1. Quickly run through segment 150-189 and pick out the residues that are under 30 Å from Ser44 (Cβ atoms) and basic (Lys, Arg).
2. From the list Leu257, Leu278, Leu210, exactly one residue is out of contact with any Asp or Glu (no Cβ under 9 Å at 6 or more places or on another chain) and either exposed (fewer than 15 other Cβ atoms within 10 Å of the Cβ) or in a helix (DSSP H, G or I) (or both). Which is it?
3. If you go through segment 47-63 one residue at a time, do you hit one that is more than 24 Å from the chain's Cα centre (by Cα) and buried (at least 16 other Cβ atoms within 10 Å of the Cβ)?
4. Starting from segment 363-384, take each residue that is assigned by TED's automatic domain parsing to the domain that holds Pro29 and list its partners that are among the polar types (S, T, N, Q) and part of a helix (DSSP H, G or I), counting only C-beta distances under 8 angstrom and pairs at least six apart or across chains.
5. Could we say that Gly331 is touching a strand residue (DSSP E or B) at 6+ places or on another chain (Cβ under 7 Å), free of Cβ contacts under 8 Å to residues at least 60 places away in the same chain, farther than 22 Å from His365 by Cα and not aliphatic (A, V, I, L, M) here?
6. Quick test for you: out of Val146, Val202, pick the one residue that is free of Cβ contacts under 8 Å to residues at least 24 places away in the same chain, in a strand (DSSP E or B) and either within 19 Å of Leu256 (Cβ to Cβ) or out of contact with any Gly (no Cβ under 6 Å at 6 or more places or on another chain) (or both).
7. Residue under question is Leu22, and the condition is that it be surrounded by 12 or more Cβ atoms within 10 Å (Cβ to Cβ) and in the same structural domain as Val362 (by TED's automatic domain parsing); does it hold?
8. Going by the structure shown, is Ser266 within 30 Å of Ala98 (Cβ to Cβ) and surrounded by fewer than 22 Cβ atoms within 10 Å (Cβ to Cβ)?
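The values are calculated or read from the model by the stated rules, or taken from the named source; none is laboratory data. Just so it is clear, the structure is predicted and the values come from calculations on it, not from any experiment. All Cβ positions, even for glycine, are placed from backbone atoms using ideal geometry, and neighbour counts span all protein chains on display.
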Amino acid sequence: MDPLSWLEQRKADGLLRKLHPLQRQVGQPLAAVHSAAPLIDFSSNDYLALSHHPRVIESGVRYLKQYGAGAGAARLMSGDCDYHHELERAIAGYKGKASALLFGNGYMANSGMIPALVGRHDVIFSDRLNHASIVDGCKLSGATVVRFRHNDTEHLQELLQARRGTGRALIVVESLYSMDGDRAPLVAIVRLKKMFDCVLLVDEAHATGLFGQTGSGLVEEEGVTDDVELVMGTFGKGLGSYGAYVAADQVWIDYLLNRARSFIYSTALPPGVIGASLGALQVIREEPWLADRLKEKTRTFITCLSEQGFQLHSDSQIVPLMIGASDVAMGMAGALQDRGFHVTAVRPPTVPEHTARLRFSVTLHHTDDDLRRLAEAVGAVHSR
């Protein structure tokens, strides 16, 4: 199909994507470029509001002024700077691992790591709702890919028994799923990983900074840090900055440094980003109550929704409202924007067919009044 016909078909199906520029400034409300009316953002992953935290910004500016705007090269050329190692040491300690390696972003981490870990003689067992970066990394690897039903460890065990094979076997899951807001059964997955001699990769992108005694994530909260070979995560969500990492034993990090193409052939992260990420880690260590406050706000929002007749449950700050039809979800998102709320309608192929939804993301940018008014608005537009 030619590009024009393809685009026309996507539009007819209600699945055409477009960019909608927003004005986002520190200390100012969100606004659409075409309108000066303020919007309250319920689609951000800036869960702890650290992207606007004065100490995070100050740390980023300090590194920017001291080291310049960019690293200048890939790290295996001349772009390997002391501040990269500083952040890698910090994130490794935070995750309870011996070492860590930085990547440009989460997509680059997963799409580069997985093909480095397994190849055409190996097999990957991947949760059916894993992020697109994991799906693409699996495809690029050339390994046999076996998908198991979402969070269904009985199904995973059946597939492991039938298709484990003799090569390396990699199990890959997210600890917290970005579109459903639910948690992986990590303890049960670790048990199966040991039983069938697999390597386990856990994506903590949406859990980092939010769960566990130190805020490290759900791997820490579930007590399986020593049983997970590779823990991946991002700095661009709960930590408010940009970039990604994998934390693991030194042998895995050395292996990925030599094999992960998305690391080898990419310019290193710039100093300002490194400084902001280091600042965010310091804030998390010194202000652990931030995550508790976010949990309280999530409970408040779910209570407000229940008062509007919605019986929703979420294990996290991500609260999806299932709609089904993409056009209905889009219509509701538009109606909410007219009422001053920026809420994204998530449609296929990001989510499975017939499961379009409104994805509410609770953050520390929100006041309790924001949460109450949004719940009332959702009730109003849903009943139209």
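1. Restricting attention to segment 150-189, the residues satisfying the condition of being under 30 Å from Ser44 (Cβ atoms) are 150-151, 172-186, 189.
Passing the criteria: only Arg183.
2. On the way: Leu278 fails: out of contact with any Asp or Glu (no Cβ under 9 Å at 6 or more places or on another chain); Leu210 fails: either exposed (fewer than 15 other Cβ atoms within 10 Å of the Cβ) or in a helix (DSSP H, G or I) (or both).
Exactly one of Leu257, Leu278, Leu210 is out of contact with any Asp or Glu (no Cβ under 9 Å at 6 or more places or on another chain) and either exposed (fewer than 15 other Cβ atoms within 10 Å of the Cβ) or in a helix (DSSP H, G or I) (or both), namely Leu257.
3. From segment 47-63, those more than 24 Å from the chain's Cα centre (by Cα) are 58, 61-63; that's our starting set.
Adding the requirement that they be buried (at least 16 other Cβ atoms within 10 Å of the Cβ) leaves 62-63.
Yes, because at least one residue in segment 47-63 is more than 24 Å from the chain's Cα centre (by Cα) and buried (at least 16 other Cβ atoms within 10 Å of the Cβ).
4. Every condition considered, the pairs that remain are Asp368/Thr300; Leu371/Thr300; Arg372/Thr300.
5. On the way: touching a strand residue (DSSP E or B) at 6+ places or on another chain (Cβ under 7 Å): no; free of Cβ contacts under 8 Å to residues at least 60 places away in the same chain: yes; farther than 22 Å from His365 by Cα: yes; not aliphatic (A, V, I, L, M): yes.
No, not satisfied.
6. On the way: Val202 fails: free of Cβ contacts under 8 Å to residues at least 24 places away in the same chain.
Checking each option against the conditions leaves just Val146.
7. Values: surrounded by 12 or more Cβ atoms within 10 Å (Cβ to Cβ): yes; in the same structural domain as Val362 (by TED's automatic domain parsing): yes.
So Leu22 passes the test.
8. Values: within 30 Å of Ala98 (Cβ to Cβ): yes; surrounded by fewer than 22 Cβ atoms within 10 Å (Cβ to Cβ): yes.
Criteria met by Ser266.
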